[in-house]
Amino acid sequence: MYLNGLKIKLEMKMKNFIILFALISFMSCTDFDIEDQGLILEDLPSYVAFKNDGGTITPIVKNVAENTTSAASRTVTVECPTGTLSDITVSYSFSGSAVYGTDFTIAGATAAGGTVIIKQRNGDNNDFDFGNIVVTLLTDAVADGTKDLIITLTSAVNADGQTFAVGRGGTDVLRSATFNISNVDLTLSFASSSASLTEGGKEKTALVVVSNFAAPEDVTISLATQGDAVLGTDFTYKSGNPLPATVTLLKGKTSVSIDTLLSVNDDLKEAKDSIQYTLSGATIAGAGNTVKIGTAKTFVYKVKDDIKRITMERVKTDTVRITSINQTGPLLLPVSMSSSSQQSISIGYNITGGTPGVDYVDSSGGTIVFAPGQTKANINLTIPSGAVSGGVKKINVKLNAATLLPGSDTEVEVVATTNLESNIKIGN
């Protein structure tokens, strides 16, 4: 019995040994089986890398503009997927065509680069914050095209002195993030493209240059003019000074007023005068830094003649009727002018019908005169008492021309109206 029992125990031990040997053999063949399937297990080092949304490992590229303000668009995040027992200080550098301090800044960084901290929380290896790098984009106002900023992780070490690889698994994957920064030009234009003023009118027009955003530095704007309007004759400036060759848009401002245009009444009949102002160029922070000029780079100022409109107040349809001796004597036919002149203006007229000296006497001699500043004048006639006898006479008085008094060789522009004549009926 003893021998049989010993045999049974030996057999059980042998079986256990075989099972243990089989397990060891199976475990020792695991790597071989995975590799045989085309897969390789690799022990990755502890590392930090840029975090890509969705867990992908595609390169991080952000397309922004100089005036982008969205925090999400300007932020990249650094993570430590392998965990840390203390805060990690991650260093990074800059490369690309974007210039630190001109095209972008990052709080706490310098032109060489900066650091970001991945905070460890609660003493748990897997409980840590992410480190965010927030780029502040600058509008440099210079027409300098698209720039790129590349932020590259260079090293990482935690508070315990443990170093970490940079990039996913210590490779170049997710080790850098790229910002493509499109240019936003400071663009200058005139606030309006044109204005028209009437000679002697009370209108005034401000000549103003505006920009699409506040100038980051003083901008020097060059001006040019052309046209046939004459300073002092057709127009003047409120300041009393000639137009400057350049004006300055001050730092932080979005507009600059050059001057205010005022009209001048020369009382001359002439074609419509005009003067064109052009933004011929602009620079910021010194020569070579060109500022863009917008499509509204010209302003045209048109000077319209102060046209005199002459009107007979007793119109043709309102016939003056003289049927008795009591109605004879002086007869005034009022004439009005729409605006006064700085010079005397003579208006000629013609009288038809009737017999001069018998049916009427023309005391004004065929001409009336508007003195400077005057808008009312009369054609002075006298109707003799004997004119009412001898049948009915019809007399027509009609304005015909407007000229300056002798001594001037230029005409005042007078517009014909429908009320340029009056009728007189004498007798029954």
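Look at the stretch 225-247: where a residue is touching a residue at least 24 places away in the same chain (Cβ under 8 Å) and a partner is aromatic (Phe, Trp, Tyr), sitting 6+ places away or on another chain with Cβ atoms under 6 Å, you get 225/277; 229/235. Pairs meeting the criteria (first residue in the stretch 60-78 and part of a helix (DSSP H, G or I), second residue buried (at least 18 other Cβ atoms within 10 Å of the Cβ) and modelled with pLDDT of 90 or more, beta carbons under 6 Å, at least 6 apart or on different chains) are 73/64; 74/135. Per the listing 368, 383, 379, 347, the residue uniquely under 18 Å from residue 327 (Cα atoms), under 60 Å from the mean Cα position of the chain (by Cα) and surrounded by 13 or more Cβ atoms within 10 Å (Cβ to Cβ) is 379. Of the residues that make up the stretch 159-172, is at least one farther than 22 Å from residue 56 by Cβ, touching a Ser or Thr at 6+ places or on another chain (Cβ under 9 Å) and crowded, with 19+ Cβ neighbours inside 10 Å? No, every residue in the stretch 159-172 fails to be farther than 22 Å from residue 56 by Cβ, touching a Ser or Thr at 6+ places or on another chain (Cβ under 9 Å) and crowded, with 19+ Cβ neighbours inside 10 Å.
Within the stretch 368-386, the residues that satisfy the criterion of being at pLDDT 90 or above and either part of a strand (DSSP E or B) or among the hydrophobic types (A, V, I, L, M, F, W, C) (or both) are 376, 377, 378, 379, 380, 381, 382, 383. Within the stretch 234-254, being farther than 20 Å from residue 290 by Cβ and in contact with a strand residue (DSSP E or B) (Cβ under 6 Å, 6 or more places away or on another chain) holds for 234, 235, 236, 237, 238, 239.
If you check residue 173 against the conditions, is it closer than 21 Å to residue 147 by Cα and in a loop (DSSP other than H, G, I, E, B)? In short, no. State whether the residues of the stretch 379-386 include one that is touching a Lys or Arg at 6+ places or on another chain (Cβ under 6 Å) and free of Cβ contacts under 8 Å to residues at least 60 places away in the same chain. No, because not a single residue in the stretch 379-386 is touching a Lys or Arg at 6+ places or on another chain (Cβ under 6 Å) and free of Cβ contacts under 8 Å to residues at least 60 places away in the same chain.
Which members of the stretch 315-372 meet the condition of being of a type in the set (D, E, K, R) and out of contact with any Lys or Arg (no Cβ under 7 Å at 6 or more places or on another chain)? Result: 316, 318, 362. Selection within the stretch 205-226: residues that are of a type outside the set (Ser, Thr, Tyr) and touching a Phe, Trp or Tyr at 6+ places or on another chain (Cβ under 8 Å). The member of this set that is surrounded by the most Cβ atoms within 10 Å (Cβ to Cβ) is 209. Looking across the stretch 151-202, just one residue is free of Cβ contacts under 8 Å to residues at least 60 places away in the same chain and within 32 Å of the chain's Cα centre (by Cα), and that is 202. Here is a list: 257, 211. Which entry is modelled with pLDDT of 90 or more, farther than 25 Å from residue 183 by Cα and hydroxyl-bearing (Ser, Thr, Tyr)? Exactly one of 257, 211 is modelled with pLDDT of 90 or more, farther than 25 Å from residue 183 by Cα and hydroxyl-bearing (Ser, Thr, Tyr), namely 257. For residue 86, indicate whether it is of a type outside the set (Phe, Trp, Tyr), over 32 Å from the mean Cα position of the chain (by Cα) and in a loop (DSSP other than H, G, I, E, B). For residue 86, the condition - of a type outside the set (Phe, Trp, Tyr), over 32 Å from the mean Cα position of the chain (by Cα) and in a loop (DSSP other than H, G, I, E, B) - is met.
Give the residues of the stretch 352-367 that are in a loop (DSSP other than H, G, I, E, B) and acidic (Asp, Glu), sorted by residue number. Once the filter is applied, which keeps residues that are in a loop (DSSP other than H, G, I, E, B) and acidic (Asp, Glu), the stretch 352-367 yields only 359.
Taking the conditions (1) assigned to a loop (DSSP other than H, G, I, E, B); (2) surrounded by fewer than 16 Cβ atoms within 10 Å (Cβ to Cβ) in turn, residue 132 satisfies each one other than (1). Taking residue 339, is it part of a loop (DSSP other than H, G, I, E, B) and closer than 30 Å to residue 234 by Cα? It is true that residue 339 is part of a loop (DSSP other than H, G, I, E, B) and closer than 30 Å to residue 234 by Cα. Consider the stretch 260-282 and keep the residues that are among the aliphatic types (A, V, I, L, M) and in a strand (DSSP E or B). The one that is modelled with the lowest pLDDT is 262. Within the stretch 317-332, the set of residues being touching a Ser or Thr at 6+ places or on another chain (Cβ under 8 Å), assigned to a strand (DSSP E or B) and farther than 14 Å from residue 425 by Cβ comprises 329, 330.
Here the condition is being in a loop (DSSP other than H, G, I, E, B) and out of contact with any helix residue (DSSP H, G or I) (no Cβ under 8 Å at 6 or more places or on another chain); of 139, 115, 152, 178, it holds for 139 alone.
Taken over the stretch 89-101, the criterion of being surrounded by 15 or more Cβ atoms within 10 Å (Cβ to Cβ), assigned to a loop (DSSP other than H, G, I, E, B) and of a type outside the set (A, V, I, L, M, F, W, C) is satisfied by 96 alone.
The values are calculated or read from the model by the stated rules, or taken from the named source; none is laboratory data. On a predicted model such as this, the values are computed, not experimentally measured, just so you know. For neighbour counting, all protein chains shown are included, and Cβ atoms are generated from backbone atoms with ideal geometry for every residue, glycine included.
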